[in-house]
Amino acid sequence: MTTTLFTNVTLIDPEELTEAPGHLLVVDGQIADVAAGPMAAPEGAEVVDGGGKWLAPGIVDIGVKICEPGERHKESFKSAGAAAAAGGVTTIIMRPDTLPAIDSPETLEFVTRRAAEAAPVNIRAMATLTKNREGREMAELGFLQDAGALAFSDGDKVVADTKVLARALSYARELDALVVGHPQEPTLSRGASATSGKLATLMGLPAVSPMAERMGVDRDIAMVEMTGARYHFDQLSAARALPPLERAKANGFNITAGVSIHHLTLNVNDLSEYRTYFKLKPPLREEEDRLAMVEAVGSGLIDVISSMHTPQDEESKRLPFEEAASGAVALETLLPAAMRLLHAGLLTLPQLFRAMALNPARRLGLPSGRLAKGAPADLVLFDPSAPFLLDRSKLRSKSKNTPFDGARMEGRVLGTWVAGQRVFA
């Protein structure tokens, strides 16, 4: 039995929305005690002096793409696990948009086994909602759930056939399974590289109105009302999508929503130099949309902040902007990017960890994301004010497509623990 005592730390409690000095005792992989006052170290315990820094629940990151199987040159379980540990992410919820897609129990069992062998952090996989993410035929949801699928999603592919979606949502409701959807009107958003507006016009980029996201949200809410399914929007980005979400929650629908760290910290003006590392899906929005997303996280209307980690190799990014692949890596930059919101006075640390740890764990039925007795000792010790210059070549991810390359950032992870075992120092 291993015992670790954390002393001289500031504890971030996302359940109580507090941060205060304290001590935390870990016994055999679980949190055994949390106290504000002094705590004697049990005999034989390892003592970790936090130096007054902040100790928080490890981040639970919904929607990470790991490119194994099929595109291992972009990201493997080993490299993603190392990047997550360095970024304070203790649980990865993997997207099913691999090659082949995770649409069968055999593929799911393969990725589960590989993740356990190669990664130092927890990795749980989602499975597809439809076969091969094609939107034509429902996947074998029951078998996939039995094999360990934590939720069902077609990733950034929208199931356009509402009859297929209705059947899948109804079946998921019977299984009490969570469905994760991407809110877009697929025809309007097809081929878009930017958000409609003056900048996209000046740059000559194919663009899409934020109303495409609003239309996707409206449709999916109607489908949830019809079927009674448990539903999570993977990432909202447009202010116009928030009023229907607020109404749906007020009406008692079982709906939650997430936002990516990039849509909380960047805006459409970052596209002005045609840097393809800023090309995302959905595209970056106006500053008013960004601030609306931040406010929604603070109020709790948006429940989850995620990295939406999407590795792309150099060849797929070194193309003309409209031809380049979408997406950015963010496992390692999620926490320091979130510190921008803290230092701007927009969100507190407890609010951030409510959205990055507690809420995603609760939504997925996981016991982590809390600093409470009996919870898994998945922890991150960090200094929110430690400055550094981000060098993408030093990222642990195989792919280096980060929009923060060369940026001055604050927030350095000092240590990460999974089930009480240190996985990053």
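The residues in segment 311-324 that are open to solvent by less than 20 Å² (accessible area, probe 1.4 Å) and closer than 24 Å to A119 by Cβ can be counted, and the count is 1.
Looking only at segment 258-266, decide whether some residue is touching a strand residue (DSSP E or B) at 6+ places or on another chain (Cβ under 9 Å) and either open to solvent by 10 Å² or more (accessible area, probe 1.4 Å) or modelled with pLDDT under 95 (or both).
No, segment 258-266 has no match at all.
The set of residues from segment 325-346 being surrounded by 21 or more Cβ atoms within 10 Å (Cβ to Cβ), in contact with a helix residue (DSSP H, G or I) (Cβ under 8 Å, 6 or more places away or on another chain) and part of a loop (DSSP other than H, G, I, E, B) comprises V329, A330, L331, E332, T333.
Give just the number: which of (1) more than 29 Å from T4 (Cα to Cα); (2) in contact with a Leu (Cβ under 9 Å, 6 or more places away or on another chain); (3) surrounded by fewer than 21 Cβ atoms within 10 Å (Cβ to Cβ) does L366 not satisfy? Of the numbered conditions (1) more than 29 Å from T4 (Cα to Cα); (2) in contact with a Leu (Cβ under 9 Å, 6 or more places away or on another chain); (3) surrounded by fewer than 21 Cβ atoms within 10 Å (Cβ to Cβ), the odd one out for L366 is (1).
Of everything listed in (1) out of contact with any Cys (no Cβ under 8 Å at 6 or more places or on another chain); (2) open to solvent by 10 Å² or more (accessible area, probe 1.4 Å), the single unmet condition for C67 is (2). Among residues of segment 100-114 being in a loop (DSSP other than H, G, I, E, B) and surrounded by 18 or more Cβ atoms within 10 Å (Cβ to Cβ), the one that is farthest from the chain's Cα centre (by Cα) is S104. Taking the criterion of being touching a residue at least 60 places away in the same chain (Cβ under 8 Å) and open to solvent by less than 10 Å² (accessible area, probe 1.4 Å), the residues of segment 135-179 that qualify are A151, S153, G155, L169, L178. Considering only residues in segment 36-62 that are out of contact with any Gly (no Cβ under 6 Å at 6 or more places or on another chain) and without any contact (Cβ under 8 Å) to a residue 40 or more places away in the chain, the one that is nearest to T256 (Cα to Cα) turns out to be G37. Checking each residue in segment 208-227 for being in contact (Cβ under 8 Å) with a residue 40 or more places away in the chain and open to solvent by 50 Å² or more (accessible area, probe 1.4 Å) picks out R219, M226. Checked against (1) among the hydrophobic types (A, V, I, L, M, F, W, C); (2) assigned to a loop (DSSP other than H, G, I, E, B); (3) under 25 Å from the mean Cα position of the chain (by Cα); (4) buried (at least 16 other Cβ atoms within 10 Å of the Cβ), L205 meets all criteria but (3).
Do we have L11 as open to solvent by less than 10 Å² (accessible area, probe 1.4 Å) and either touching a residue at least 40 places away in the same chain (Cβ under 8 Å) or touching a Ser or Thr at 6+ places or on another chain (Cβ under 7 Å) (or both) here? So L11 does not fit the description; no. For segment 14-57, the set of residues classified as surrounded by 14 or more Cβ atoms within 10 Å (Cβ to Cβ), among the hydrophobic types (A, V, I, L, M, F, W, C), at negative phi and part of a loop (DSSP other than H, G, I, E, B) consists of M39, A41, A45, listed by residue number. Of the residues that make up segment 232-253, is at least one touching an Asp or Glu at 6+ places or on another chain (Cβ under 9 Å), closer than 22 Å to G365 by Cβ, part of a helix (DSSP H, G or I) and not polar (S, T, N, Q)? Taking every residue of segment 232-253 in turn, at least one turns out to be touching an Asp or Glu at 6+ places or on another chain (Cβ under 9 Å), closer than 22 Å to G365 by Cβ, part of a helix (DSSP H, G or I) and not polar (S, T, N, Q). Residue count for segment 120-132 under the criterion of being buried (at least 20 other Cβ atoms within 10 Å of the Cβ) and either of a type in the set (F, W, Y) or over 14 Å from K65 (Cα atoms) (or both): the result is 4.
If you filter segment 379-401 down to residues that are part of a loop (DSSP other than H, G, I, E, B) and either without any contact (Cβ under 8 Å) to a residue 40 or more places away in the chain or within 30 Å of D13 (Cα to Cα) (or both), you find that the one that is most open to solvent (accessible area, probe 1.4 Å) is R396. In the set (1) hydrophobic (A, V, I, L, M, F, W, C); (2) within 23 Å of R240 (Cβ to Cβ); (3) out of contact with any helix residue (DSSP H, G or I) (no Cβ under 8 Å at 6 or more places or on another chain), the condition left unmet by L150 is number (2).
If T256 satisfies all but one of (1) part of a loop (DSSP other than H, G, I, E, B); (2) among the polar types (S, T, N, Q); (3) under 30 Å from E16 (Cβ atoms), what's the number of the condition it fails? Here T256 clears every test but (1).
Among residues of segment 365-378 that are over 11 Å from T90 (Cβ atoms), those with a beta-carbon under 9 Å from a residue that is charged (D, E, K, R) and assigned to a loop (DSSP other than H, G, I, E, B) at least six positions away or on a different chain give the pairs R370/E15; L371/E15; A372/E15. Scan segment 180-202 for residues that are buried (at least 19 other Cβ atoms within 10 Å of the Cβ), more than 11 Å from S272 (Cα to Cα) and touching a residue at least 60 places away in the same chain (Cβ under 8 Å) and report the count. Looking only at that region, the number is 6.
The values are calculated or read from the model by the stated rules, or taken from the named source; none is laboratory data. Predicted, not measured: the structure shown is a model, and the values here were computed from it. Neighbour counts are summed over all protein chains in view; Cβ atoms, including those assigned to glycine, are modelled from backbone coordinates with ideal geometry. Calculation scope for accessible area: heavy atoms of the full protein, side chains included, ligands and nucleic acids excluded. Shrake-Rupley method; radii C 1.70, N 1.55, O 1.52, S 1.80 Å.
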